[in-house]
Structure formats: C-alpha cells, structure tokens
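Following: one structure in structure tokens, then a few remarks.
The values are calculated or read from the model by the stated rules, or taken from the named source; none is laboratory data. Just so it is clear, the model here is predicted, and its values are computed rather than measured. Cβ placement follows ideal geometry from the backbone for every residue including glycine, while neighbour counts extend to all protein chains displayed. Just the protein is used for accessible areas: all its heavy atoms, side chains included, with ligands, DNA and RNA removed. Shrake-Rupley method; radii C 1.70, N 1.55, O 1.52, S 1.80 Å.
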Amino acid sequence: MIKLITSTQELIKYRAQEKSSVGFVPTMGNLHKGHISLLEEALKDADCVYFSIFVNPKQFGPSEDFQKYPRTLEHDMKLLEQCIEGKKGKTIVVYAPSPVTEVFPEGDTRVISVSGLNKILEGKYRPDHFDGVATVVYRLFELVKPDKGFFGLKDYQQYLVIKQMADDLKLPVKIIGMPIIREPSGLAMSSRNQYLFADQKEEALILLRSLKKVESIIANKRSNLDEAQKEIDSITKDKKWNYLEMRDAATLSEDISNSTELSIVAVYQIGNTRLLDNIQVTIK
Ligand code: AMP
C-alpha cells in the first residue's frame with residue numbers, strides 16, 4: 001500500500017507505530033527512473049520505505065532555481081503507485097511536507113556542516129549548498145529514523161557529505177550509494193534535464209563522452225594519469241566546463257598520488273543548467 005502524509009505531526013505519529021526496519025529515500029520530487037531505482041532497492045531491503053518529496057530551500061543559492069524547480073506531486077504519486085503495484089506486504093510512506101515550516105519550524109536554527117567536503121568542487125560553485133543538504137537530510141533522518149538511507153551516486157559529492165555526516169554524528173543509519181541511471185543516450189537522468197531543449201540535450205552528451213575518453217586513456221594504469229590530465233586540459237579549454245577532474249574517490253582530494261580508486265567528476269554548463277556526472281575508475 002501507499003500512504004501520503006503532508007504534515008510532520010502525522011508523520012511522527014505514523015512512524016511511531018512501525019516496528020520493523022525502515023528504508024528511506026529522500027528526493028525533491030519530479031520523479032524519474034533514477035529516483036525509482038533507489039525506491040526499488042529500498043523495497044527489496046525492507047517492507048516499509050519512507051519516500052520524501054521536499055524542495056529544500058536551504059540548498060539553493062539566492063540566484064538559483066528554487067522558485068522554478070518542477071513540483072509535480074500528482075505525476076510523482078502516479079509513478080510511486082505503479083512502483084508498489086503487485087508488491088504484497090510492502091508499504092511506501094510518501095512524506096511530502098508543505099509548507100516549509102513543517103520541516104524547519106520557526107526557531108529551529110540548526111545548521112549541519114561537513115567541513116572540507118562542503119567547500120570543494122560543487123561547494124565552490126554553490127557556497128551554502130552542502131550545508132543545506134546536510135541540514136535537511138539530518139532533519140529528515142531525525143523524523144523518519146531510517147535503518148538505511150538510499151542515495152544516488154550521480155550526486156557523488158553529496159553522497160560523501162551524507163556519509164561523513166552520518167559518521168561524524170554517529171547516526172544509526174547505513175548510507176547506501178546507488179548507481180547512476182541514464183537515458184538511452186547516456187545522459188544521466190536529472191529533474192533539471194527538462195530545462196534543456198532537444199539540441200542542448202544532444203550537446204550534453206559531451207559530458208559522458210569526455211568522461212569515457214578520460215577513463216579509456218587511464219585504462220586502469222597509474223602510469224597513464226599524466227596523459228589523461230593532458231586530455232582533460234585540452235577538453236576543458238571549452239569554458240562550458242565548470243570542472244572535469246580526477247580526484248580520490250573516498251575523499252575527493254586533489255592528491256591522487258597514492259589513490260587506487262578515482263572518481264572523475266565533471267560539471268558541464270549549458271545556459272544556467274549545470275549538468276553533473278562522474279565515473280569511478282580503479283588504478284594500479
Ligand atoms: P533529487 O531529487 O535530485 O534531490 O535526487 C534525489 C536522489 O535521487 C539523490 O540521492 C540523487 O542522487 C538520486 N538521483 C538523482 N538522479 C539520479 C540518477 N540519474 N541515477 C541515480 N540516482 C539519481
């Protein structure tokens with residue numbers, strides 16, 4: 001069954017009755033197959049999955065798309081209903097709080113900050129973004145009290161921030177990272193893709209193509225990193241790249257001299273839309 005809850009008071013009451021293990025998938029809605037893949041995995045793991053839909057104002061900068069961000073609760077509920085069909089004994093609790101004070105009541109001035117990780121890469125382009133993300137996820141964890149939280153590796157830095165937060169605060173929740181779901185074209189699915197016109201979607205394929213090119217030059221060998229860096233330098237002459245970098249996969253440190261797992265992280269910007277993608281590479 002599926003249950004929609006919009007008030008926090010009701011959520012707290014409902015959650016108090018659930019004794020078995022609970023999975024949790026936090027989202028900002030406007031659902032696509034990427035979000036649904038997290039839900040499917042959570043439903044395999046637990047009978048009861050909480051799925052939040054909340055466009056969190058704290059993670060948007062002043063000139064970003066908070067007002068414009070697509071809010072499509074009716075469409076989202078249809079997708080979620082399809083997802084639960086035929087799954088006997090499973091429950092999805094959709095928590096779609098409104099207004100914002102349902103999540104952040106007046107007087108709740110807490111800010112959760114994961115220092116270091118919050119200032120690099122995405123954090124340079126979006127200064128308060130990760131504090132906003134960590135703060136909302138902490139608050140949602142506090143309300144939902146999940147045993148496991150499911151996050152997409154598409155937002156790789158966000159996944160690391162959440163893992164670090166859970167670790168720092170010794171939260172009793174296991175953070176699960178889930179693979180990137182892509183359009184047939186290779187473009188990573190994202191609610192923001194709908195800001196793109198058809199020709200821009202075509203242009204956006206440069207993102208994965210470039211990541212794959214760098215991956216193929218590395219060919220899992222440390223000795224190829226200099227050549228890969230030359231290729232990156234050449235690709236990023238195009239100023240539409242916010243960044244395309246090889247980083248340590250566990251820390252996102254620039255120093256990869258002893259790393260064996262790399263994350264090649266990239267953002268390509270078309271108009272105001274920043275498209276994120278990444279590839280993980282093992283090197284010897
Ligand atoms: P959002 O609604 O954009 O905040 O995303 C909610 C969750 O879905 C986050 O954990 C994202 O990383 C994840 N997600 C978004 N797009 C994808 C995708 N294409 N593949 C896998 N996970 C995704």
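Regarding the stretch 42-100, what is the average projected area of its C-alpha convex hull, in nm²?
Numbers: hull surface 19.8 nm².
That works out to 4.9 nm², a quarter of the Cα hull's surface.
Identify which of F54, F104, F24 has the largest mean-square fluctuation in a Gaussian network model of the chain, with springs joining Cα atoms closer than 10 Å. Among F54, F104, F24, the largest mean-square fluctuation in the Gaussian network model of the chain belongs to F104. The C-alpha radius of gyration of the stretch 167-284, expressed as a fraction of 2.2 N^0.38 Å, stands at 1.16.
About the centre of its Cα atoms, the chain shows a dipole size close to 360 debye [charges on the beta carbon of Lys, Arg (+1) and Asp, Glu (-1) only; nearest 20 debye].
In terms of the mean number of neighbouring beta-carbon atoms within 10 Å, the peptides 11-20, 205-214, 71-80 order highest first as 205-214, 71-80, 11-20. Alpha-carbon geometry of the stretch 100-226: the Rg and the Dmax are 17.8, 55 Å, given in that order. Solvent-accessible area of the chain (1.4 angstrom probe, protein heavy atoms only): carbon and sulfur portion equals 51 percent.
In terms of distances greater than 25 angstrom between alpha carbons, the cross-link table entries K3/K87; K124/K230; K68/K145 yield K68/K145.
Placing pseudo-labels 7 Å out from each Cα toward the beta carbon at K174 and D65 gives an inter-label distance of 3.5 nm. For the options G89, G186, G23, a Gaussian network treatment of the chain with springs between C-alpha atoms closer than 10 Å singles out G89 as fluctuating the most.
The loop-placed chymotrypsin sites (Phe, Trp or Tyr not before Pro) in the stretch 96-204, going by DSSP, that have at most 14 neighbouring Cβ atoms within 10 Å of their Cβ come out as F197.
Loop-located GluC sites (Glu not before Pro) in the stretch 242-278 (DSSP state other than H, G, I, E, B) with a sparse environment of at most 16 neighbouring Cβ atoms within 10 Å: E254. Per residue, the convex hull spanned by the Cα atoms of the stretch 159-217 measures out at 120 cubic angstrom. About its Cα centre, the stretch 1-72 has a charge dipole of approximately 180 debye under the convention of +1 per Lys or Arg Cβ and -1 per Asp or Glu Cβ, with nothing else charged.
Excluding ligands, DNA and RNA, what is the solvent-accessible area per residue of the chain at a probe of 1.4 Å, expressed in Å²?
Working: 14120 Å² over 284 residues.
Ligands and nucleic acids excluded, the figure is 50 Å² per residue.
Per residue of the chain, the DSSP helices (runs of n ≥ 4 H) give a summed -39500 (n - 2.57) that works out to -10500 deg cm²/dmol at 222 nm. Coordinate range of the alpha-carbon atoms in the chain per principal axis, descending: 58, 42, 39 Å. Rounded to the nearest 0.05, the FRET efficiency derived from the C-beta distance between Q200 and Y243 at R0 = 22 Å is 0.70. GNM remark for the chain: springs join alpha carbons under 10 Å apart, and the peak mean-square fluctuation among A42, A198, A266 falls on A198. The Cα center of the stretch 225-239 and the Cα center of the stretch 114-177 differ in position by 30 Å. Summing +1 for each Lys or Arg and -1 for each Asp or Glu among the other residues whose beta-carbon sits under 15 angstrom from that of F104 gives -3. Checking the cross-link pairs K13/K170; K174/K213; K154/K284 against a 31 Å limit on the alpha carbon distance flags K174/K213 as lying beyond it.
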